[in-house]
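Input: a single structure, listed below in structure tokens.
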Amino acid sequence: MTKVPGPGFRPTHVVPAHGLPAWEAPDPARPTVPLDPLLPVQLVERRGDWGHILCANGWGAWVDGRLLVTVPEDPPAGDGPVGTADPRPLLARVEQALADYRSAVEQLAAGDLDGEDFQDRTEGLRIGIVVDGESLWIYDAREERWMYGDGRRLNAYATDREITDTEAAGHASTRFAAPEGER
């Protein structure tokens, strides 16, 4: 990845739940470290299917821009009956998950755990949280979805769950078709 300086990081996309391969340049011959699942990124440039992304830590890379999950520009409205969930229980679960992970890291660093034990201890652990002023995006691992909060309530924001019912999706399944000349 290339280091790209820049203040004011605002995610425009999230890496898909399975992670994403990345490249130093829009060239398949120059791979770099793959991106973690659900990592918030900012899409800064498009070149065909290639997307140049920026991560919150200032690192940039090129990815298949078609696979990025778009984050809506405006968070869900905080008014109305939807989104009346109190954010505190979910915040407590995230705090506990982070404490569990930190404890495992401490034990690994102290030599009390080996790599395999660390992997076993952290298996299935998923945490995600972005705080930007009063805005909160938090991952609910039990429900496999991202929630948006304004400090008073939470709203469902995006889900990891696969929609299998065509009617629920509102359209027929999308399928990949190779461009003419590549069939």
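Miscellaneous remarks
- Around the amide H of Trp50, modelled in the peptide plane, lie the amide H atoms of Gly65, all under 5 Å away and 5 or more residues distant in sequence or on another chain.
- Between Ala110 and Arg46, the modelled labels are 5.1 nm apart [label points 7 Å from Cα along Cα→Cβ].
- Hz values of 3J(HN,Hα) by residue in the range 104-109 - Karplus curve (6.51, -1.76, 1.60), Gly and Pro given as x: 5, 5, 4, 5, 5, 5
- Residue-wise HN-Hα coupling along the range 93-98, computed from phi with Karplus coefficients 6.51, -1.76, 1.60 (Hz; x: Gly, Pro): 5, 5, 4, 5, 4, 5
- Between Leu125 and Arg10, the simple label model (points 7 Å from Cα in the Cβ direction) yields a spacing of 3.4 nm.
- The stretch between Asp86 and Glu143 holds 19.0 nm of extra length on full extension. This uses 0.36 nm per residue minus the Cα-Cα distance.
- Scanning residues 5 or more positions from Leu38 or on other chains, those with amide H under 5 Å from its amide H are Val15, Ala17, Gly19, with H placed 1.01 Å from N in the peptide plane.
Read-outs throughout are calculated quantities, based only on the coordinates presented, and are distinct from any laboratory measurement. Predicted model, so just to flag it, every value in this text is computed and none were measured. Methodologically, a virtual Cβ is constructed for each residue, glycine included, from the backbone with ideal geometry; neighbour enumeration extends over all protein chains shown.
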